[in-house]
Every structure is written in C-alpha cells, then in structure tokens.
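Colleague: First the structure, then my questions, so here it is.
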Amino acid sequence: MRITAVLFLSAFIFFSCSNDNNAPDVSNIKVDIPVERFDKDFFSIDTIGIEKGLSAIAAKYPSIFPIFINNILGIGDTLQKESVMLFIRQNKFLADSANKVFGNIDDVKEHLEQAFRYVKYYYPDYKVPKLVTIVGPPDAFAKKANGELTANFLTEEFLGLSLQFYLGSDFSLYNDPIYVASIAPQYISRRFDKRYIVADAMKLIADDISPDKSLGKGLIEQMIEKGKQIWLLDKFMPAIHDSIKTGYTKDQLSWCKANEGLIWNEIITTEKDLYTKDPLTLQNYIGEAPFTQSLGPQSPGNIGQWIGWRILKKFTEKNPSMSVADIMKTDARKILEEAKYKPK
C-alpha cells in the first residue's frame, strides 16, 4: 500500500566500484521518469501576490499541492495565506541550500531510472511513478504502514523526495543541539546526505511491492521480514554498496561481517525465545540506535535487519529456482527452518 505523506555526483557515490555479475541485463528495458520541481516553484512564489501565486502552483501541481499544504504543512483553509508566507520566510534557507545541492537532479533521475529497470525486470506490471521534489519543514517525516518514519513518500501518482533531509551530514541545522535532541540524533542525521536519496526512495518502492509484514510479529520473524526488504533492494540496486542499503557505517558493516557468528550466538544464547515480542528486546535488535546495547559500541543499531538478510541469503542459496516474488512471499518461519543458518 502506497503512503501519503502526513549535485552532480559520480556513480561511485551511489554505487560500489564493481557491478554484481549476477545482475540481469536490463539495458533494453525503457524507463523515463518525468520530474517536477515543486520545491523550486513553491519557493519562487511572490509573497506580495500570495493568492495569485498559490493559485498558479495549485493549477500546475494538482497532485502534490493539496498533500503539501494539508498533510506536510498541516495548513487548513483558514489563514492559508499567512501560514504559507510564514513557512516560506522561515524555511527559505532550506530551499536555498537544497537548490545548491540539487540545482540539477539529472544524476538522481538517472540512478532512479536504472533502479526501476530492475524493478520492471522482476515486476513487469509495476507502474513507475513520476518524481516530485519538495522542501518541507525540517521535521516533516512521513510514516510507513509499519509505523516507521521515512524522509520520502509515495502516492499512487508520484514518488516525493523531501530534499530538506539530504543537504549533507555537516549541514548546520542537523548539528544544532535542539535539532539533535528533538528531531534527529546524529547517528540518524549522518545519513541526511545525497548519496542515500536513491536507496531511500527505492526502499519505499520495495515496501510498496512487497510490504513489510513484521509489525506485531516475534523477534526472528521481524528480523527476517526486514532482511527481505534489504534483499529486495539488492535486486533493484545490485551495484549499490551495502553500507548505503543498511545505513551502517563501513566500519560497522566490516564489524558485522567479521563477527557474524558472535552476533548470532549472542542472539540465540541471550534470547531463549526467538519469537519473543518483548518491546525492549525488539528495540535492542531492530530499533534505531547508535549501536546494539548487548553487542557494544562497535556494532550498529538495528542489527536484526542484517542478520535477517543473511538468513534470507542462505535460504535463497538453497532455493535457486525460486522467483523473487515467491521468495518475498515465503513465511519467515519457513525461511528460518530451511536456511539452517549457522554462521561461524
């Protein structure tokens, strides 16, 4: 179910140095994503003639305008002019900064189109949305069906990219003590960088195609369901670096790979019931955090998704003839049972 929202960089930044040799050839699949720069037009409104400007924007962007005004800005019909003027004045610095980073988004469009070629390869009937860029309030996260917050949003018509969340981890606002304390701690805002924008967008697509079914389930089931999402991202972006997919630092990722057996042993030794729904246990292994409390500061937070991903990979190795769609539909308990996951 799709969500409604409440630079020129080289390919190296988005992708790893070498391509995945197992990736299918998608060069003949045509994808051309229309792009609408709502952010630029909205912040170009002449506030002296605010009514005329809003009418023009509403006519040009009939899909995003009501969502932006009502859901993202939270403005009703009353005091709309005054509220919009206040928003523009208070957030013009965000729009200016976004224009410096994303003045031209041809590279983002190019990488999204390549990712959607893989989407169309595995899911030929999937409708590719147009792309709409916005600059909203600095705390305007959207919420996915499973309750997780996301910077971007997806509707039946378009994929919305919230550029205010991708201005670079050293952006002054992200490091303001109030912002850190009340909106995004730095272990999260370090990912507020352009190199994450395509992967973040494709996570929404993966969840749209095969929704995360982890909500309300036990620990190991949630780990595997979240691992499925990363694995599907493997298919849609086969050359992307694992650190971008997982959100871990490269050091954290290296630590995981070097200590895979230790991590799994810690989980099965400490958690006698792998299907526990204890909130503290779930938070420890699959919640956002600077690190996993039971594993120490070298570990990443949300380590459960990585273990779930590793379990799923073991399952797919034993079932090479299964389609991507069938793997994504397979019950987590069946995956755990058949994977026989025993890392050293």
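Each value in this text was obtained by applying a stated rule to the coordinates, not by laboratory testing. Everything quoted here is computed from the prediction, not taken from an experiment. In this analysis, Cβ positions are derived from the backbone assuming ideal geometry, glycine residues included, and neighbour counts consider all displayed protein chains.
Colleague: If you average the C-alpha positions of segment 261-313 and of segment 122-191 separately, how far apart do those two centres end up, in angstrom?
Modeller: First find each Cα centre; the distance between them is then 25 Å.
Colleague: Pull up the DSSP beta bridges for segment 17-209 and report the antiparallel fraction as a percent, rounded to 5.
Modeller: Details: 4 of 11 bridges.
In segment 17-209, approximately 35 percent of DSSP beta bridges are antiparallel ones.
Colleague: Rounded to the nearest 5, what is the percent of antiparallel bridges among the DSSP beta bridges in segment 112-233?
Modeller: On the way: 4 of 9 bridges.
The answer is about 45 percent antiparallel.
Colleague: Would you calculate the separation in nanometres between label points at SER172 and VAL31, each defined as 7 Å from the Cα along the Cα-to-beta-carbon direction?
Modeller: Between SER172 and VAL31, the label points sit 3.8 nm apart.
Colleague: What share of the DSSP beta bridges in the chain is antiparallel, in percent to the nearest 5?
Modeller: Details: 4 of 11 bridges.
Of those bridges, close to 35 percent are antiparallel.
Colleague: Let me ask something additional. Pop the C-beta distance of THR155 and PHE93 into the FRET formula with R0 = 45 Å and round what comes out to the nearest 0.05.
Modeller: After rounding to 0.05, the efficiency reads 0.95.
Colleague: Same structure again: How big is the Rg/Rh ratio for the chain, C-alpha atoms only, Rh by Kirkwood, two decimals? Intermediate values should be presented prior to the final figure.
Modeller: Working: Rg = 21.0 Å, Rh = 21.4 Å.
When Rh is taken as the Kirkwood radius, the ratio is 0.98.
Colleague: Hey, got the dipole for the chain? About the Cα centre, +1 on K and R Cβ, -1 on D and E Cβ, debye to the nearest 20?
Modeller: On the way: 42 positive and 43 negative charges, 117 e Å.
The calculation lands at about 560 debye.
Colleague: Convert each backbone phi in segment 329-343 into a coupling constant with the Karplus relation 6.51 cos²θ - 1.76 cosθ + 1.60 (shift: θ = phi - 60°), then list the ³J(HN,Hα) values in order as whole Hz, x for Gly and Pro.
Modeller: 8, 5, 4, 4, 5, 5, 4, 4, 5, 7, 5, 6, 6, 9, x
Colleague: By count of other Cβ within 10 Å, fewest leading, how are SER83, SER323 ordered? Can you show the working numbers first?
Modeller: On the way: SER83 15, SER323 9.
Going from least to most buried by this count: SER323, SER83.
Colleague: How big is the gap, in Å, between the Cα center of segment 84-119 and the Cα center of segment 209-260?
Modeller: 26
Colleague: Quick one: what Rg and Dmax do you get for segment 17-209 from the alpha carbons, in Å?
Modeller: 17.6, 57
Colleague: I've got another one for you. With each pseudo-label sitting 7 Å past Cα toward Cβ, what's the SER55-LYS257 distance in nm, one decimal?
Modeller: Using points 7 Å along Cα→Cβ, the separation is 6.0 nm.
Colleague: Could you tell me the extents of segment 141-195's C-alpha atoms along the three principal axes, largest first, rounded to whole Å?
Modeller: Taking the Cα atoms of segment 141-195, the three principal extents are 37, 22, 15 Å.
Colleague: Find which of LEU262, GLN222, GLN252 sits farthest along the positive direction of the dipole of segment 202-344, computed with +1 on the beta-carbon of Lys and Arg, -1 on that of Asp and Glu, about the Cα centre.
Modeller: LEU262
Colleague: Structure shown: which of LYS130/LYS245; LYS194/LYS277; LYS217/LYS313 lie over 25 Å apart, alpha-carbon to alpha-carbon? Please list the in-between numbers first.
Modeller: Values: LYS130/LYS245 23 Å; LYS194/LYS277 35 Å; LYS217/LYS313 21 Å.
Check vs 25 Å cut-off fails for LYS194/LYS277.
Colleague: A further question on this structure: Based on other C-beta atoms within 10 Å, arrange LYS144, LYS217, LYS60 from fewest to most.
Modeller: Values: LYS144 20, LYS217 17, LYS60 13.
The most exposed by this proxy come first: LYS60, LYS217, LYS144.
Colleague: Within a 10 angstrom radius of the beta carbon, how do PHE236, PHE165, PHE192 rank from fewest other beta carbons to most?
Modeller: Details: PHE236 25, PHE165 28, PHE192 22.
With the sparsest Cβ surroundings first, the list reads PHE192, PHE236, PHE165.
Colleague: Further question on the same structure: Greater than 32 Å separation of Cα atoms is the criterion. Which listed pairs, LYS143/LYS329; LYS109/LYS144; LYS30/LYS52; LYS272/LYS329; LYS92/LYS213; LYS127/LYS342, meet it? Please list the in-between numbers first.
Modeller: Working: LYS143/LYS329 23 Å; LYS109/LYS144 23 Å; LYS30/LYS52 39 Å; LYS272/LYS329 27 Å; LYS92/LYS213 39 Å; LYS127/LYS342 39 Å.
Pairs exceeding the cut-off: LYS30/LYS52; LYS92/LYS213; LYS127/LYS342.
Colleague: Have a look at ILE197, PHE102, LEU154 and report the one farthest towards the positive end of the charge dipole of segment 17-209, computed about the Cα centre with Cβ charges (Lys/Arg +1, Asp/Glu -1).
Modeller: After comparing all options, I get PHE102.
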